[in-house]
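K.L.:
Please see the structure below; I have some questions.
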Amino acid sequence: SETLPCLCRNVMSLLLAVVLVLSEMLTGASQAGLEMDPYKVLGVTRSASQAEIKKVYKRLAKEWHPDKNRNPGAEDMFIKITKSYEILSNEDKRANYDRYGQTDDTQAYGSGRYGHRHDSFYFDESFFNFPFNSKTHRDFADSKFTLHFNQYINDVVPDSYKRPYLIKITSDWCFSCIHIEPVWKEVVQEMETLGVGIGVVDVGYERRLANHLGAHRTPSILGVINGKVTFFHYAVAKEHLRQFVEDLLPQRLVERVTDKNDLQFLNSWHEINKPHVLLFDQVPVVPLLYKLTAFAYKDYMQFGYVDQGLSETANLQKQFNINTYAPTMLVFKENIDKPADIIQAKGMKKQIIDEFMANNKFLLAPRLVNQKLFDELCPVKQFHRRRKYCVLLITRDEETFSFGNQEFLSFASTNTKEVVRFAYVYQRLQQPLCDILTQNKDSGQSPPQVVILERRNAAGKVLFKPVTAWNGSEEDKQCLLDELERLHKDPSILIHDAMLPELNNEFASMFVIRWIYASYDYLSEVIDDILHNNWREMMPLLSLIFSALFILFGTVVIQAFSDSSEDKQTKPKTRDGTKAENGSPGLFVSTVNFRLPKKNFVEVTELTDITYMSNLVKLRPGHMNIVLVLTDASKNILLSKFAKEVYSFTGSLTLHFSFLNIDKHSEWMNTMLEYAQDAMQIDADEDDGGNHKIDYTGYVLALNGHKKYLCLFKPVYTGEDHEGKSSEDEGGATGRLRSSSRDDHPPRKSNRSRSISTLQIHHKLDRLGLWMERLMEGTLPRYYIPAWPGLDKITPCK
């Protein structure tokens, strides 16, 4: 009986505890929801405009940024401000919050910032302990490196030519992203101190940037260098990521220097026009920090590495008195026997190295080899900066001028004024610049001369003054020194002004070498992508390759079948037509308007009542039909000669070739030539009351169906001349046309007379080729007609 009350008391206690826990959870969730009211965080009303929200956000972000605000709660407050702005700046998220109290579009419908709500019950998300990678749980380290599309294009890509970037692709609710976070944070901490750029892309919020990078899955890690994207394919480990960053860098940044090649390395300063940097260290591999420095300053300096652990470097260490207990960095300029600057420290920091490099970027007196070097060495005068002057030696590269050039370098090495820079230029390589500064009008090479100049704007305007002719004597040095002293007191001594042209790039010939290196790097990347089965990214390239192969293979196959079919078709056609003489092109005569590809024959279509409309009346604009007039007796001979003469013109798509049988269509021919009587110039004795019929055999008409005009070719031949002379219409010869068939001829001819008649007909078209050339040139006269003769004019002769 006592057990039952005890049991009841225990149950009541348990229920009371559960109620208290639930009450605490509800209270905490409610307070949490109240804490994250984006309107209250930003201090704006619910009716605030986007411009007002943006203005307030900028002010609060500056005020609470962790780098500027030392308050312990500044980081949390900055995250709240950023999150609130993300909600209120997006119209969809803002409407969602106003309606349901939702602050993150990745949470379920109707949920609050810190918990899920179902019929006035709240369940704390932490109760389930889901490690989602949502933006509400993302730490400040990731938000600091978040990239947007415009930021990537405008900032990251240009900066990738000076340092590589390591970018992580992630998204909300990415379970796999959680597993790489510890390694990623450790690598970021190390790489950031070395100068590697870091970026984070959220696919859910920057889909455009993710597609631009080619990232289609999360998590992904990629590198960007020189504007080129390379994906990381290995297991996410610190050593692998470090090696990945090293592999991004070009392979020829740092040269290994020993006692055997040290002089060759240091003496190249004159050829490449750069200072040389040597790092002495005990480790056998080149440190990553040094490689990154070499990449950042590759346009200004040449880098070498000396492994102190090798016996082949003992003389170098002894020569420059190198301490073996700490890394040592030396900079050599024009003097290869003595370093111009030196630093030595056990733990070299990036800031120290950058400052060291920036102070030694140029030689004491570098050669102006391109416009970029000129802009940096002699900057444009700014109102808020001190004046910068350039002392420029205009000289030549012959051996006889080496003494004066060396003395100018010696004078430059004694300069201690920061406002004065020394440089020299070769007249032969920068002739336009030198002609202006020396005021030389004949464009010839003048003696060496020193000029002091000051740049006034980026367009090329300078103030300058020629100081003295230079041969390196003590008098020249003293004169230059006095002029510099005067300039320091009175800048107005620069009395000349001019507009300088852009300098020639003397290293432009090295483009071929850079192109070869770039091609090698690209092929290496392609092979690497193929080996790691990155098919989605390789698909455009593979598609291009297979398309090119398919087109090439298809062209060969079609050509092979086409050639074989044409060979088969040509054999019967050449039997029907007239065989070419002396290797001339064959002839294919057709009675239908069907054009085959031109090979070794000329297609000539007979002009009949069937082909009349398509070959003449409805001929396309710009096209012409070349019509040969013949008879049944002269058909074979004239067609063979016609093919020879016009074969070289068959490549034109605007020319068509036909023949007209005068025995069938003499009435149409007479009507046509009525419109060209001035061209005929028929003698009276040829007509003579109609006793003699005009022989049109061998006439050629060029008919333009669209513009309704014709050009006429008339053969002229005398029976006495067996060579068969002919003339063009515009040639000036208007001899009489003799018919090869007279009414008084006997019915039978001897073999000799038959051969003479054949010879005469054959030579009627001797000068047709020249006439065709003038036709193509457009120099032949044109005879216009009002309309083409109707079909009633094309009647067979009875």
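The values are calculated or read from the model by the stated rules, or taken from the named source; none is laboratory data. Keep in mind that what you see is a predicted model, and the values were worked out from it rather than measured. Neighbour counts run over all protein chains shown; Cβ positions are idealised from the backbone, glycine included. Just the protein is used for accessible areas: all its heavy atoms, side chains included, with ligands, DNA and RNA removed. Shrake-Rupley method; radii C 1.70, N 1.55, O 1.52, S 1.80 Å.
K.L.:
Considering only segment 615-630, state which residues are of a type outside the set (A, V, I, L, M) and surrounded by 20 or more Cβ atoms within 10 Å (Cβ to Cβ). First the steps, then the outcome.
P.N.:
Of segment 615-630, the ones of a type outside the set (A, V, I, L, M) are 615, 618, 620-623, 625.
Within segment 615-630, Asn615, Asn625 qualify.
K.L.:
Only one residue in Ser614, Ser640, Ser634, Ser648 is of a type outside the set (Val, Ile, Thr) and in contact with an Asp or Glu (Cβ under 7 Å, 6 or more places away or on another chain). Which one? Can you show your working first?
P.N.:
Numbers: Ser614 fails: in contact with an Asp or Glu (Cβ under 7 Å, 6 or more places away or on another chain); Ser634 fails: in contact with an Asp or Glu (Cβ under 7 Å, 6 or more places away or on another chain); Ser648 fails: in contact with an Asp or Glu (Cβ under 7 Å, 6 or more places away or on another chain).
The match here is Ser640.
K.L.:
Right, here's the next one. Among the candidates Ala365, Ala423, Ala412, single out the residue that is surrounded by 13 or more Cβ atoms within 10 Å (Cβ to Cβ) and closer than 28 Å to Leu292 by Cα. It would help to see each step written out before you state the result.
P.N.:
Values: Ala423 fails: closer than 28 Å to Leu292 by Cα; Ala412 fails: closer than 28 Å to Leu292 by Cα.
Answer to the selection: Ala365.
K.L.:
Exactly one condition in (1) surrounded by 13 or more Cβ atoms within 10 Å (Cβ to Cβ); (2) of a type outside the set (A, V, I, L, M, F, W, C); (3) farther than 24 Å from His488 by Cα is false for Glu398; which is it?
P.N.:
(1) is the only condition that Glu398 fails.
K.L.:
If Thr328 passes every condition in (1) closer than 22 Å to Gln251 by Cα; (2) out of contact with any helix residue (DSSP H, G or I) (no Cβ under 7 Å at 6 or more places or on another chain) but one, which one does it miss?
P.N.:
Single failed check for Thr328: (1).
K.L.:
Can you find a residue in segment 446-459 that is exposed (fewer than 13 other Cβ atoms within 10 Å of the Cβ), without any contact (Cβ under 8 Å) to a residue 12 or more places away in the chain and either assigned by the TED database to the domain that holds His270 or not in a strand (DSSP E or B) (or both)?
P.N.:
Applying the first criterion (exposed (fewer than 13 other Cβ atoms within 10 Å of the Cβ)) to segment 446-459 yields 457-459.
Checking the rest, the ones that are also without any contact (Cβ under 8 Å) to a residue 12 or more places away in the chain come to none.
Among the residues of segment 446-459, not one is exposed (fewer than 13 other Cβ atoms within 10 Å of the Cβ), without any contact (Cβ under 8 Å) to a residue 12 or more places away in the chain and either assigned by the TED database to the domain that holds His270 or not in a strand (DSSP E or B) (or both), which makes the answer no.
K.L.:
Tell me which residues, restricted to segment 480-506, are part of a helix (DSSP H, G or I) and among the charged types (D, E, K, R).
P.N.:
Step one: list which residues in segment 480-506 are part of a helix (DSSP H, G or I), which gives 480-489, 491-493.
If the condition is that a residue be part of a helix (DSSP H, G or I) and among the charged types (D, E, K, R), then Asp482, Glu483, Glu485, Arg486, Lys489 are the ones that fit.
K.L.:
If we only count helices (runs of 4 or more DSSP H) wholly inside segment 151-253, which ones have 2 or more residues that are under 26 Å from Ile87 (Cα atoms) and among the charged types (D, E, K, R)?
P.N.:
Working: elements: 175-194, 207-213, 238-248.
Those helices (runs of 4 or more DSSP H) span 207-213.
K.L.:
Only helices (runs of 4 or more DSSP H) wholly contained in segment 54-149 count here; list those with 1 or more residues that are under 30 Å from Val224 (Cα atoms) and either open to solvent by 90 Å² or more (accessible area, probe 1.4 Å) or at pLDDT below 50 (or both). Steps first, please.
P.N.:
Working: elements: 74-88, 91-100, 125-128, 140-144.
The qualifying helices (runs of 4 or more DSSP H) are 140-144.
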